[in-house]
Amino acid sequence: MAGSKTILFVEDDRPISEMYARLLIKAGFEVDFAYDGLEALAKSATKSYDLILLDIMMPGKSGIEVLHELRKNPGFNATRIIILTNLAQDKTSQEAIRSQADGYLVKADIIPSQLMAVVKEILS
């Protein structure tokens, strides 16, 4: 199912990145990392990704800024983006983010197998 699907995991917490990467790689995905918003934009400018898992609170540029910049570029209309955050958002902010993202998950509310199920569903 995963085949040659490529994921950019954007997360400044390296242990979280490594934990999820092991699961994604084991499931057959190719996984690249970015540890801040600027690195995410640089990597996405040079390589095409099927999915971007994007944290909100990061150095450089926030995940929200990255999301907005990517969605301004028509070349990213087909790229699926899931927001992963522990940041509490009010309903208005959540809806604004969801209008540009393909998913919005609160890290504290999910377990790794749930994230994997969402990733597989979005990429199927």
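The values are calculated or read from the model by the stated rules, or taken from the named source; none is laboratory data. Values in this document were obtained by computation on a predicted structure and should not be read as measured data. No Cβ is skipped: glycine too gets one built from the backbone with ideal geometry, and neighbour counts run over all protein chains shown.
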Check your understanding: If a residue has to be in contact with a Leu (Cβ under 7 Å, 6 or more places away or on another chain) and either among the aromatic types (Phe, Trp, Tyr) or within 21 Å of ILE16 (Cα to Cα) (or both) to count, how many in the stretch 42-74 make the cut?
Key -> 16
Practice item. Within the stretch 60-83, identify whether any single residue is closer than 19 Å to SER4 by Cα, in contact (Cβ under 8 Å) with a residue 24 or more places away in the chain and hydroxyl-bearing (Ser, Thr, Tyr), and answer yes or no. Key: yes
Exercise for review: Count, please, the residues in the stretch 58-85 that happen to be surrounded by fewer than 14 Cβ atoms within 10 Å (Cβ to Cβ) and either modelled with pLDDT under 90 or under 27 Å from ALA117 (Cβ atoms) (or both).
Suggested key: 6
Check your understanding: Quick one: is GLU39 among the charged types (D, E, K, R) and either in contact with a strand residue (DSSP E or B) (Cβ under 8 Å, 6 or more places away or on another chain) or at pLDDT 85 or above (or both)?
Key -> yes
Practice item. Please tell me if LEU24 is at pLDDT 90 or above and surrounded by 18 or more Cβ atoms within 10 Å (Cβ to Cβ). Key: yes
**Study point:** Residue pairs meeting the criteria (Cβ under 7 Å; at least 6 apart or on separate chains; first at negative phi, in the stretch 99-124; second outside any loop (DSSP other than H, G, I, E, B) and among the polar types (S, T, N, Q))
**Key:** TYR104/GLN94; VAL106/THR85; LYS107/THR85
Review point. Restricting the search to the stretch 1-32, which residues are of a type in the set (Gly, Ala, Ser) and either under 12 Å from ILE52 (Cα atoms) or touching a residue at least 60 places away in the same chain (Cβ under 8 Å) (or both)?
Key: ALA2, ALA27
